[in-house]
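The structure under discussion appears below in the form of structure tokens.
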Amino acid sequence: MSVTLGGNIFVTGSNRGIGLELVKHLAQKTPADARIYAGCREPDGANAQALRDLTTKHAGKICILKLEMSDEESIASAVRTLSEKVGAGGLNLLINNAAIAKPPLPGPLKDTSRRDMMDVYETNVAGPFQLTKMLIPLLQKAAASSDQGEEMSCRRSAVVNVSTLGASIQRLPESYHLAQLYPYRSSKAALNMLSSCLALELKGQKTLVVALHPGWVQTDMGGDMAPLSTHDSVQGMIKVMSSLGSKDTGAFLGWNGEVLPW
Ligand code: NDP
């Protein structure tokens, strides 16, 4: 697989699951001068041991940034730190991966509260919205310093919003009976709209934006029944990200490159 990613890359929710695997693959597969910034709520907590081990293994290449996506000040603070660290190079790739699903599966309507809706929306939509908005100047810096002319790419300047096929209104009848997940599905549908809006907003500055479904993956969120390992999902996601160009901005894609229905 040819990996074209590099420069400064920021992954949110990176201490476990798909985020941790993304950091692992990116640290292995990007050039030596690439820097992977790993967003994590509790960098010193027990839940971040695997990420700390990875950071030690790839000394100097991975940098952990404290980041709580539901907290406005935490996002602002992470952006300030990132800005100092990347300097003139700016940010090449933001992967909005952190998310929650409440109430637990299958999440029927009767078990779902207004509070669940607000909590999920805060982390899955308002967080990525604020973080991306605050990072636009850094993404613009990276885009402007590229020698790629008019062409967009994830190496140049891009935002990848980790979405889900569960947000597809067209495909809802296939999975609704298995999991209702009102807050989660609604939040990811909103994230898809956010991706579409940002794709139009940032086209002029040559920052590419996509919504990317990682597949059904064996993680705390995906559960044991999921058919895909984090390894295979992330390998597919990185292959897709490496192949994206101007024609793809605004798309909703699967981990295997399939174009998904909204
Ligand atoms: P996990 O539940 O395994 O991991 C979620 C990650 O997000 C953790 O690192 C968690 O940190 C972090 N996180 C949660 N809330 C916050 C917050 N408020 N602030 C900062 N970080 C937070 O999920 P997955 O790895 O399975 O999912 C990753 C992405 O893939 C998500 O966007 C999810 O919606 C999407 N996805 C997953 C699928 C699957 O089958 N697994 C299917 C489709 C989409 P902490 O340890 O601190 O809680």
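The values are calculated or read from the model by the stated rules, or taken from the named source; none is laboratory data. All values derive from a computational prediction rather than experimental measurement. Positions of Cβ are generated from backbone atoms using ideal geometry, with glycine treated the same way; all protein chains shown enter the neighbour counts.
If the requirement is being free of Cβ contacts under 8 Å to residues at least 40 places away in the same chain, surrounded by fewer than 23 Cβ atoms within 10 Å (Cβ to Cβ), within 19 Å of Ala38 (Cα to Cα) and of a type in the set (S, T, N, Q), which of these qualifies: Ser83, Ser77?
Every option except Ser77 fails the conditions.
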Practice task
Output the number of residues of the range 42-74 satisfying the condition of being of a type in the set (S, T, N, Q) and surrounded by 14 or more Cβ atoms within 10 Å (Cβ to Cβ).
Solution key: 3
Exercise for the section: Check the range 129-137 and report whether any residue there is more than 11 Å from the ligand (Cβ to nearest atom) and not in a helix (DSSP H, G or I). Expected result: no
Problem - Those residues of the range 210-253 which are near the ligand (Cβ under 10 Å from one of its atoms), not hydrophobic (A, V, I, L, M, F, W, C) and not in a helix (DSSP H, G or I), in sequence order - result: His213, Pro214, Gly215, Gln218, Thr219, Asp220, Gly222, Gly223, Pro227
Practice task
Scan Ala46, Ala59, Ala38 and give me the residue that is within 13 Å of the ligand (Cβ to nearest atom) and farther than 27 Å from Gln148 by Cβ.
Solution key: Ala46
Practice task
Kindly provide the set of residues from the range 62-80 that are under 23 Å from Arg155 (Cα atoms) and either modelled with pLDDT under 95 or under 19 Å from the mean Cα position of the chain (by Cα) (or both), ordered by number.
Solution key: Ile62, Cys63, Ile64, Leu65, Ala78, Val79
Problem - Index of the failed condition, Ser157 passing every other in (1) within 21 Å of Gly89 (Cβ to Cβ); (2) small (Gly, Ala, Ser); (3) in contact with a helix residue (DSSP H, G or I) (Cβ under 9 Å, 6 or more places away or on another chain); (4) surrounded by fewer than 20 Cβ atoms within 10 Å (Cβ to Cβ) - result: (4)
Exercise for the section: Show the residue pairs that are 6+ apart or on different chains and have beta-carbon atoms under 8 Å apart, the first residue being within the range 25-40 and farther than 13 Å from Val3 by Cα, the second being of a type in the set (Val, Ile, Thr) and part of a loop (DSSP other than H, G, I, E, B). Expected result: Ile36/Thr30; Gly39/Thr12
Fill in the blank from the handout: Within the range 1-24, of all residues that are over 14 Å from the mean Cα position of the chain (by Cα) and at pLDDT 95 or above, the one farthest from Ser146 (Cα to Cα) is Lys24
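For every residue, the table says whether it meets (1) farther than 24 Å from Pro106 by Cα; (2) buried (at least 17 other Cβ atoms within 10 Å of the Cβ).
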residue	(1), (2)
Asn124	no, yes
Leu139	yes, yes
Glu150	yes, no
Lys188	no, yes
Leu191	no, yes
Exercise for the section: Test Lys203 against the stated conditions and say whether it is within 9 Å of the ligand (Cβ to nearest atom) and among the basic types (Lys, Arg). Expected result: no
Problem - Per-region count, the range 175-193, residues more than 12 Å from the ligand (Cβ to nearest atom) and under 19 Å from Gly223 (Cα atoms) - result: 5
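Could you please find all residues in the range 162-181 being surrounded by 23 or more Cβ atoms within 10 Å (Cβ to Cβ) and not β-branched (Val, Ile, Thr)? Talk me through it step by step, then tell me what you get.
Filtering the range 162-181 down to residues surrounded by 23 or more Cβ atoms within 10 Å (Cβ to Cβ) leaves 162-164, 167, 181.
The answer is Ser163, Ala167, Leu181.
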